[in-house]
Amino acid sequence: MVAHTIRARVRAGMMDEIKAVARRHLATDGANLSLRAVARDMGMVSSAIYRYFPSRDDLLTALILEAYAVLGDAVETADTGVDRADLRGRWHAVCRAARRWALDHPAEYALLYGSPVPGYAAPDDTVAPAQRPPEVLIGILRDGLATGRLDPPDDQLPEPVRADLAEIADAVFPGLAESLLARGMAGWTQLFGLISFELFGRLDRAVPHRDEYFDHQTGLMADLIGLPRDD
């Protein structure tokens, strides 16, 4: 048992070191990872790294899962740090946490929300971790509904859109009205569009006051969703 535990710790440590080197390659080479290059940086023969990650896709998946976990922790922690009744304050805190994580980890953000990696298909076990950030927003909406501070909007959705959203609600967010889910999804996708524009240089010349602009834009998203103002 002792020997087995030691081997497991050594293996876990090696896998962590491989991922750390791979993240450095993400920062310089994007998602065009090479296991041989990672092995070379670690002073390993290329065949040795395959004992830990059988393929590039396995290593990419490990990096994706880890990135989603850190992002999920960041937004959940931000949400719990605000009074439960302050729906708008929670929304702003979550948005700022997502932005801060993206600015601190641009390569990992690009891996999650940038261009798809050619030849790579994310496995099913990435689905649940990917849902953690939007589930925080849905939690805000649910709390608003439960306390009567948020009402589902009376939007007339196109039937194909309504059907799609009903399927999403049934599978992931049961009991949530399609009209409210539509606005929540609009806010969430606009949030990541805003972050992407900043991270990928689309705002460099146009918007020098990034923090203020970000808060203003996320405030507009909160208005769209229907989160109440407390002032």
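The values are calculated or read from the model by the stated rules, or taken from the named source; none is laboratory data. Just so we're clear, the structure is a prediction, and the values are computed from it rather than from any experiment. Neighbour counts run over all protein chains shown; Cβ positions are idealised from the backbone, glycine included. Note: areas computed on protein heavy atoms with side chains; ligands, DNA, RNA excluded. Shrake-Rupley method; radii C 1.70, N 1.55, O 1.52, S 1.80 Å.
Structural remarks
- Taking residues in the range 12-36 that are more than 18 Å from residue 65 (Cβ to Cβ), and partners anywhere that are open to solvent by 30 Å² or more (accessible area, probe 1.4 Å) and in a helix (DSSP H, G or I), the pairs with Cβ atoms closer than 6 Å and at least 6 places apart or on different chains are 36/46.
- Leading residue by the ranking (least open to solvent (accessible area, probe 1.4 Å)) among those in the range 21-41 that are out of contact with any helix residue (DSSP H, G or I) (no Cβ under 6 Å at 6 or more places or on another chain) and farther than 20 Å from residue 200 by Cα: 37
- Residues that are part of a helix (DSSP H, G or I) and open to solvent by 20 Å² or more (accessible area, probe 1.4 Å), drawn from the range 199-224: 199, 210, 211, 212, 213, 215, 216, 217, 220, 223, 224
- Qualifying position, being of a type outside the set (S, T, N, Q), touching a helix residue (DSSP H, G or I) at 6+ places or on another chain (Cβ under 7 Å), farther than 30 Å from residue 32 by Cβ and without any contact (Cβ under 8 Å) to a residue 40 or more places away in the chain, among 182, 171, 146: 182
- When 83, 41, 57, 79 are checked against the criterion of being in contact (Cβ under 8 Å) with a residue 12 or more places away in the chain, closer than 30 Å to residue 228 by Cα and among the acidic types (Asp, Glu), 79 stands alone in meeting it.
- Screening 137, 145, 150 for residues that are over 11 Å from the mean Cα position of the chain (by Cα) and either part of a loop (DSSP other than H, G, I, E, B) or over 23 Å from residue 79 (Cβ atoms) (or both) leaves exactly one candidate, 150.
- Checking each residue in the range 86-103 for being assigned to a helix (DSSP H, G or I) and open to solvent by 40 Å² or more (accessible area, probe 1.4 Å) picks out 96, 100, 103.
- If the condition is being out of contact with any Asp or Glu (no Cβ under 7 Å at 6 or more places or on another chain) and part of a helix (DSSP H, G or I), then the range 157-173 contributes 159, 160, 161, 163, 164, 167, 168, 170, 171.
- Cβ-Cβ contacts under 9 Å between residues 6 or more apart (or on different chains), taken from a first residue in the range 202-219 that is under 16 Å from residue 100 (Cα atoms) to a second residue that is of a type in the set (S, T, N, Q), are listed as 217/190; 218/190.
- Flag: residue 127 matches the condition of being open to solvent by 40 Å² or more (accessible area, probe 1.4 Å) and either under 11 Å from the mean Cα position of the chain (by Cα) or at pLDDT 90 or above (or both).
- Number of the condition not met by residue 58 [criteria: (1) over 18 Å from residue 19 (Cα atoms); (2) at pLDDT below 95; (3) among the acidic types (Asp, Glu)]: (1)
- Failed item, numbered, when residue 114 is tested on (1) open to solvent by 20 Å² or more (accessible area, probe 1.4 Å); (2) farther than 27 Å from residue 216 by Cα: (2)
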